Amino acid sequence: MDSIKIFAPATVANVACGFDIFGLAVDNPGDEVIVSKRNDNQVVIKEITGDEGKLTYDSSKNTVTVPIIKYLQKIGSGQGFDIVLNKKMPLGSGLGSSSASSVAGVFAANELLGKPLNTKDLLPFAMEGERVACGSAHADNVAPALLGGFVVIRSYAPLDIFQIKTPENLYVSIVHPDIEVNTKDARHILKNEVSMKKAISQMGNVAGMVAGLMSSDFDLIGRSMVDLIIEPIRSILIPQFFEVKMAAEEAGALGCSISGAGPSIFAFSEGREKAEKVIVAMKNEFTRVGINTNTFVSSINNLGPKILD
Ligand code: HSE
């Protein structure tokens, strides 16, 4: 096999209470990457579509190529690749756009080389793509994009991640308002310290979320969708945030919070029908004030990257 086309999914990081430690993959949107073998050892970006000219063609700086280059160095391969990156989701959206590209690229390269590494072992390389994108190699987007499902990062040093089972009937409604939030900036505005009182509440919610997901206790999931640390600060970057949150909850969502660094907002619902109702209510709050949106409704994607061709 000399060429392969891979889809890697968008992700919702943080999932309300789990800043940098929770992430989940959704079915759509996602990025597509075509990787083809070259006859030399260069890694070259041939084409990028869907980015409105915003992404660099410099392989040492693009989130799709940096993980591939690090991966090739690690396994000691002299194989070169041509890359075509089709961005199928908005940049700076809070949906793990850079992670989807990183994961698709390194997953494709590993496939073309006959899978010398297990999928899980590709994670540190994909995380390097995040470092390029926003200066921090967090794993809560790349891990679910790579492995699918709902991922918990128990520790970063050493890296220790695990997946938890989620209820089949759990649906995610995502609204992406047409504004851009730079992840680096959205991390920069956060405080370095947290009070004991807030830490205790947040830990309770993290534990509640894990237990709720694993036992399909939808009420407990909803009660645990509380973020006392990040949401109060980042919500100022998102116009209409509290209106959208209230509308989602009034329409029957279990809970609602910022997706990743924002500006996308996500809600959990029990069942697709409810999730479809919720997304209409969320979208309406942006439409009312003249902000365009993209919307997505999805169950949790347990597959991760998919081979398309
Ligand atoms: N956990 C990260 C953050 C996800 O919230 O900054 C965004 O990439």
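With protein chains left intact and a 1.4 Å probe, residues in the stretch 3-164 average 34 Å² of accessible area per residue.
Using just its DSSP H runs of length 4 or more, each adding -39500 (n - 2.57), the chain gives a mean residue ellipticity at 222 nm of -10500 deg cm²/dmol after division by all residues. In vacuum, with every alpha carbon of the chain counted as one equal point scatterer, what does the Debye formula give for log10 I(q)/I(0) at q = 0.08, 0.10 Å⁻¹? Two decimals, please. So the normalised log intensities work out to -0.33, -0.51.
Checking every one of the trypsin sites (Lys or Arg not before Pro) in the stretch 114-192 against DSSP loop status and a limit of 11 other Cβ atoms within 10 Å picks out Lys191.
Please work out, to two decimal places, the log10 of the ratio I(q)/I(0) at q = 0.09, 0.22 Å⁻¹ from a Debye calculation in which every Cα of the stretch 170-299 carries one identical scatterer. The Cα Debye sum returns log10 ratios of -0.26, -1.31. The residues packed around Ile300, meaning those with a beta-carbon under 11 Å from its beta-carbon, carry a net charge of -1 if Lys and Arg are +1 and Asp and Glu are -1. Rounded to the nearest Hz, the phi-derived 3J(HN,Hα) couplings of the stretch 245-252 under the Karplus curve 6.51 cos²θ - 1.76 cosθ + 1.60 (θ = phi - 60°) are 4, 5, 4, 4, 5, 5, 7, x, where x marks glycine and proline. With a Förster radius of 22 Å applied to the beta-carbon distance between Gln42 and Glu111, the computed FRET efficiency rounds to 0.70. Please compute the contact order of the chain in relative form: average sequence separation of alpha-carbon pairs under 8 Å and at least six residues apart, divided by the residue count, as a percent. Relative contact order comes out at 25 percent. Taking other residues whose beta carbon is less than 14 angstrom from the beta carbon of Asn110, and scoring Lys, Arg as +1 and Asp, Glu as -1, yields +3.
Between Asp121 and Ala211, the contour length at 0.36 nm per residue exceeds the alpha carbon distance by 29.7 nm. Under 5 Å between amide hydrogens, built in the peptide plane, is the criterion, and for Gly304 it picks out Gly148, Gly149 among residues at least 5 positions away or on other chains. Taking the alpha-carbon centroid of each part, what is the distance from the stretch 34-77 to the stretch 107-135 in angstrom? The stretch 34-77 and the stretch 107-135 have Cα centres separated by 12 Å. Using 0.36 nm per residue and subtracting the Cα-Cα separation, the extra length available between Lys184 and Glu273 on full extension is 28.5 nm. Over the stretch 3-164, with a single point scatterer placed on each C-alpha, what log10 of the ratio I(q)/I(0) does the Debye formula yield at q = 0.10 1/Å? The calculated log intensity ratios at q = 0.10 Å⁻¹ are -0.31. For the stretch 288-309, the residues whose amide N sits under 17 Å from a probe point set 7 Å from the Cα of Gln163 along the beta carbon direction are 299-307. Can you tell me the 0 to 90 degree angle between the C-alpha axis of helix 97-112 and the longest principal axis of the chain, rounded to 10? Result, in degrees: 40. With contacts taken as Cα pairs under 8 Å at a separation of at least 6 residues, the stretch 170-299 carries a relative contact order of 40 percent.
Peptides 91-100, 62-71, 293-302, 76-85 ranked from most to least packed give 91-100, 62-71, 293-302, 76-85, packing being the mean of other C-beta atoms within 10 angstrom over each peptide's residues. Taking the Cα atoms only, what angle lies between the long axis of helix 123-134 and the longest principal axis of the chain, rounded to 10 degrees? For helix 123-134, the angle is close to 70 degrees.
Helix 65-75 and the longest principal axis of the Cα set of the chain meet at an angle near 60°.
The values are calculated or read from the model by the stated rules, or taken from the named source; none is laboratory data. Note that this is a predicted model, so its numbers are computed, not measured. In this analysis, Cβ positions are derived from the backbone assuming ideal geometry, glycine residues included, and neighbour counts consider all displayed protein chains. Accessible surface areas use protein heavy atoms only, side chains included; no ligands, DNA or RNA. Shrake-Rupley method; radii C 1.70, N 1.55, O 1.52, S 1.80 Å.
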